[in-house]
Amino acid sequence: MDFHFLFLLCNQIVLVSWLVLIALPRWPLVIATMRNGIILLLSLLYAVLMFVYFFRVEGGGFGSLEAVRALFSSDPVLLGGWVHYLAFDLFVGLWVAARADEIGMSRFLQGPILLLTFMFGPAGLLAFEIMRRSRQVFPPPPEGI
Amino acid sequence: MALLAHFVSADHPRPGVFAQSGSPDLARCVLIFGIGFQIAMLGTSAIAYAFDERLVNAINIWTKPLKFQISLSLHMLTMIWLMPLLSESWLRSRSIRWSATAVAFAAMFETAYIVLQSARGRGSHYIVQTPPEAAGYAAMGVGSVALVLGSFILGFAIWRTGGRAHPGFRLGAILGLTIGSVLTLVTAGILSSGRLIESGRWIAGLKNDASGLPLLGWSTTGGDYRVAHFFSTHIMQALPLLGLTADRLLPSKVRLVVGVGALGSVAVVAATFMQARSGLPFLAW
């Protein structure tokens, strides 16, 4: 299997998905294609890669940085790890978009947050969660000024 | 067919109430979201400040993101604070909604770019050595115009709203937002144009930040245009506060008090500007 080709292919598909999520209207079919199509296909690819290659890695595991580094010395497991990022980051992006639409956050403010989630996943999630909660921190404006 | 319908359902909610209706709370919410973003970046930058040993202009590279996150939060907080002086129709208006969105978005952009540059170990203002950085610096200029345009429009809208309650607070808000925005645009414009000085902010003295005043960073050895920028911008808070105080203590003379305050603050900006221009520090430490 050509892992380099798979890497590029997944990257391209996910890049387009993010651009769509950031810039286009939230058409149900488009959201569903990402949520139930692209993310699940990436998940399937990840699972297959793990089934086939994970336990072949000598000294691989999750228990120490050295064990994780050993995992990433194998191209297919490295690809799997990358696909894991791609799938979960996009899932979080869709979740953020859904919650943001729910509370009526302007698409202009969603843009940078989604971009941040795309590039640096957890940083975007952190920013969004604090933005979302900051509304409860501020009391409603006083009446009758 | 049922399977297809199931596939198409994405559990994505319909846009919320604030997005579609002209809710009077929309502009406020947008600014609150904007502050939330600043706070998230502020927390991250503060921890990075403790761990990152890199320096820019001889001070911690995360100093500048922290200062911007704090002052942009204060700018939006000021707008939220003064917004109740608007009538409901102004609160629902497109101009206020778009002003708030533009301010929150521009503040997000400024912070995002400054944080990115700090993470890359680079400065942000005056850094134009590579094409992307030149574009980033130019975009920050556009963003800063949006920031002061938003507060100016809020001041204008409060003036158009009128009303008799809290006359000092109202007048302070109108004058503070309009004068503060205009003077910020002027001082920051001169600061960034590099027309008067090559190094940007400093005239004479040591051209680094290590010898600056604590927190503010203003030069203690030479002129520094950031002083005038600081006083211009904080007119937006000073005059409403002065007006509130006058409403309490001197209700018969609020116009006089706020008017004198406005003239005085313009004088302070002019004086600190001239001081920097002559190469003198605001405070010699």
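The values are calculated or read from the model by the stated rules, or taken from the named source; none is laboratory data. Just so it is clear, the structure is predicted and the values come from calculations on it, not from any experiment. Here Cβ is always computed from backbone atoms with ideal geometry, including for glycine, and neighbour counts include all displayed protein chains. Heads up: the accessible areas ignore ligands, DNA and RNA and are worked out on the full protein's heavy atoms, side chains in. Shrake-Rupley method; radii C 1.70, N 1.55, O 1.52, S 1.80 Å.
I want to verify the translational diffusion coefficient of the range B:28-145 in µm²/s; compute it with Stokes-Einstein, Rh as the Kirkwood radius over Cα pairs, at 4 °C and 1.567 mPa s. Present the calculation step by step, with values, prior to reporting the outcome.
Working: Rh = 15.2 Å.
Estimated via Stokes-Einstein, D reaches 85 µm²/s.
Would you tell me the accessible area of residue B:75, worked out with a 1.4 angstrom probe on the heavy atoms of the protein chains, in Å² to the nearest 10?
Accessible surface of residue B:75 is approximately 20 Å².
Going from the alpha-carbon gyration tensor of chain A, what semi-axes, largest first and in whole Å, does one get by taking the root of 5 times each eigenvalue? Intermediate results must be reported in sequence, preceding the final value.
Details: eigenvalues 260, 71, 23 Å².
Semi-axes from the Cα gyration tensor: 36, 19, 11 Å.
Can you run the Rg to Rh ratio on the range B:92-158? Use alpha carbon positions and the Kirkwood inverse-distance Rh.
Ratio of gyration radius to Kirkwood radius: 1.10.
Please state the Cα pair-distance histogram of the range B:90-130 with 10 angstrom bins from zero: what percent is in each bin?
27, 34, 21, 15, 3
For the full complex of protein chains and a 1.4 angstrom probe, list A:57, A:77 by accessible area with the highest value first.
Greatest to least solvent exposure: A:57, A:77.
So what is log10(I(q)/I(0)) for the protein assembly as shown at q = 0.12 1/Å, when the Debye sum runs over its Cα atoms only?
Here log10 of I(q) over I(0) equals -1.07.
Just need the relative contact order of chain B here, percent rounded to a whole number, with Cα pairs under 8 Å and 6+ apart. Let's see the in-between values first.
Values: 410 pairs, mean separation 45.9, N = 285.
After rounding, I find 16 percent.
According to the Cα gyration tensor, what semi-axes, each the square root of 5 times an eigenvalue, does the equivalent ellipsoid of the range A:67-129 have, listed from largest to smallest in whole Å?
30, 10, 8
Give the residue from B:179, B:216, B:230 lying farthest towards the positive end of the charge dipole for chain B; charges sit on Cβ (+1 for Lys and Arg, -1 for Asp and Glu) and the dipole is referred to the Cα centre.
Sorting the options by dipole projection puts first B:179.
Name the residue farthest towards the positive end of the dipole of the range B:52-102 from the options B:70, B:81, B:59, assuming +1 on Cβ of Lys and Arg, -1 on Cβ of Asp and Glu, about the Cα centre.
Of the listed residues, the answer is B:81.
Can you give the charge dipole size of the protein assembly as shown about its Cα centre, rounded to the nearest 20 debye, using +1 on the beta carbon of Lys and Arg and -1 on the beta carbon of Asp and Glu?
Numbers: 30 positive and 20 negative charges, 283 e Å.
Computed charge dipole of the protein assembly as shown: roughly 1360 debye.
Over the range A:32-84, what number does the Rg to Rh ratio reach, with both radii from the alpha-carbon atoms and Rh per Kirkwood?
Working: Rg = 12.5 Å, Rh = 11.5 Å.
Checking Rg against Rh, the ratio lands at 1.08.
Using only alpha carbon pairs under 8 Å that are at least six residues apart, calculate the relative contact order of the range A:3-145 and give it in whole percent.
On the way: 105 pairs, mean separation 33.8, N = 143.
Relative contact order of the range A:3-145: 24 percent.
Report the Stokes-Einstein translational diffusion coefficient (µm² s⁻¹, integer) for the range B:41-103, Rh taken as the Kirkwood radius over Cα pairs, at 25 °C with viscosity 0.890 mPa s.
On the way: Rh = 14.0 Å.
Roughly 176 µm²/s, to the nearest whole number.
Quick one: Kirkwood hydrodynamic radius for chain B, alpha-carbon pairs, angstrom, one decimal? Mind showing how you got there, number by number?
Working: mean 1/r = 0.0487 Å⁻¹.
Evaluated over chain B, this radius sits at 20.5 Å.
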